[in-house]
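The values are calculated or read from the model by the stated rules, or taken from the named source; none is laboratory data. What you see is a predicted model; the values in this text were computed from it and never measured. Neighbour counts run over all protein chains shown; Cβ positions are idealised from the backbone, glycine included. Heavy atoms of the whole protein, side chains included, go into the accessibility calculation; ligands, DNA and RNA do not. Shrake-Rupley method; radii C 1.70, N 1.55, O 1.52, S 1.80 Å.
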Amino acid sequence: MQSRHRIFAEDLLLAAEGEDLFDRIPDSLVLIIFNKLADARSLGRCSAVSRRFNALVPLVDDACLRIDRVIPADGADGGAGADALGLAGAPRPRAALSHLLKAMLQAVLKPFAHCDAKSGAGAHGGKHAQLQHHSPAQVLKNFSSIRNLRMELPVSDVGTDDGVILKWKAVFGSTLQSCVILGGTKVERAAAGTHASVPAAAAAADSDATGDDSGSIPESFYTNGGLKLRVVWTISSLIAAATRHYLLREIVKEHPTLEQVALTDAHGQGTLSMGRDQLKEFRDKPLAAAAAANRTQVPACNMKLRYAPLLELSDGTRIHGATLVVIKPVGEAGGIGGGRKELDDFVADTFDGPFREAVGVLSKRRTYLLEMNGF
């Protein structure tokens with residue numbers, strides 16, 4: 001058996017003779033390394049290193065693309081945003097809903113309004129600056145074998161005030177299949193070294209015991225604009241998810257090997273998820289786009305709403321005005337009132353950490369059934 005020193009000496013000799021020692025690593029191991037790297041831009045740089053890397057990079061299974069800036073086709077101003085969401089030139093909705101949609105428009109389009117924030121030439125470079133920008137589809141076009149794709153927007157979609165918590169996760173096929181929204185009007189984090197005085201389940205039970213038992217939503221839900229705020233949360237999250245879904249159409253079409261897609265944001269506010277079955281449906285069925293809008297149409301939906309004036313979690317986190325909304329399209333198999341276990345399992349696994357616990361506690365609260373028209 002050769003000693004380690006002898007092998008090392010031989011390697012030095014081969015290196016001195018000009019042989020690339022990296023060529024000894026088998027392709028299968030290089031692909032494992034590339035899959036661990038995942039970052040699409042870094043992989044693109046690797047493909048320029050050598051012919052071998054250039055041939056291997058397109059074969060990776062996993063890719064992650066962080067989008068630095070998003071340039072909307074119609075611009076980032078409010079008027080173009082209204083066109084993108086189908087508000088301009090569309091039939092006028094009810095006055096209250098119209099007011100809410102206009103009020104939240106800028107918040108919904110927030111990530112798309114930052115198209116030039118990270119480029120000095122962005123604001124003044126005009127068309128030339130946009131020509132230098134590569135779309136996600138262009139960045140990914142040379143990856144021929146992607147199975148798992150994760151994309152990340154630079155900022156969250158829906159603007160919120162300090163202390164407010166809003167998280168959502170939506171599953172789409174050719175259209176919306178389900179959406180879970182968790183919100184709270186104020187979140188208080190426990191100081192380091194302190195613990196909640198009562199477990200979350202006990203806190204929820206106490207709140208139930210003292211709450212309104214008449215079957216109606218507690219009065220605290222309506223005070224200080226609470227109802228309007230939750231309407232904005234729900235519609236904003238659905239529009240954000242539908243807009244992300246529309247952005248994926250070209251990528252899904254050009255990458256038939258995809259089995260899992262997640263489109264998130266840097267702040268972790270929302271996630272659009274598509275699995276193998278959803279991707280197949282997306283390819284097979286025509287996408288229903290909203291009228292004059294760069295987003296997928298949201299169908300008429302049933303909603304389950306659960307509310308707690310205060311949740312105190314086991315780690316000491318306190319969520320005021322905690323609200324859980326579970327949304328399924330009307331008539332969808334496994335929707336509200338059907339396939340309950342599957343739906344409950346999906347809801348329970350939506351979020352991680354303390355928010356997973358919050359969902360579990362809210363899921364035991366009284367349920368209020370609501371309906372929403374498509375838009």
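For the reader, a short list of remarks on this structure follows.
- When the range 168-188 is filtered for residues that are crowded, with 22+ Cβ neighbours inside 10 Å, of a type in the set (A, V, I, L, M, F, W, C) and in contact with a Phe, Trp or Tyr (Cβ under 9 Å, 6 or more places away or on another chain), the ones remaining, listed by number, are Trp168, Phe172, Cys179, Val180, Ile181, Leu182.
- As a summary of the residue check, Leu258 satisfies the conditions (1) touching a Lys or Arg at 6+ places or on another chain (Cβ under 6 Å); (2) over 22 Å from Arg69 (Cα atoms) except for the one numbered (1).
- Residue check, Ala266 in contact (Cβ under 8 Å) with a residue 60 or more places away in the chain, touching a Pro at 6+ places or on another chain (Cβ under 9 Å) and closer than 29 Å to Thr367 by Cβ: no
- Of residues in the range 341-366 being of a type in the set (Asp, Glu) and modelled with pLDDT of 85 or more, the one farthest from the chain's Cα centre (by Cα): Glu357
- Positions within the range 16-66 being touching a strand residue (DSSP E or B) at 6+ places or on another chain (Cβ under 8 Å) and under 17 Å from Gln138 (Cβ atoms), in sequence order: Asp39, Ala40, Arg41, Leu43, Ala63, Cys64, Leu65, Arg66
- Count of residues meeting criterion [in contact with a helix residue (DSSP H, G or I) (Cβ under 6 Å, 6 or more places away or on another chain) and closer than 18 Å to Leu149 by Cα] in the range 222-269: 6
- Test: residue in the range 223-236 that is in a helix (DSSP H, G or I) and in contact with a Lys or Arg (Cβ under 9 Å, 6 or more places away or on another chain): no
- Failed condition for Gln278, given (1) under 20 Å from Lys328 (Cα atoms); (2) of a type outside the set (Val, Ile, Thr); (3) open to solvent by less than 20 Å² (accessible area, probe 1.4 Å): (3)
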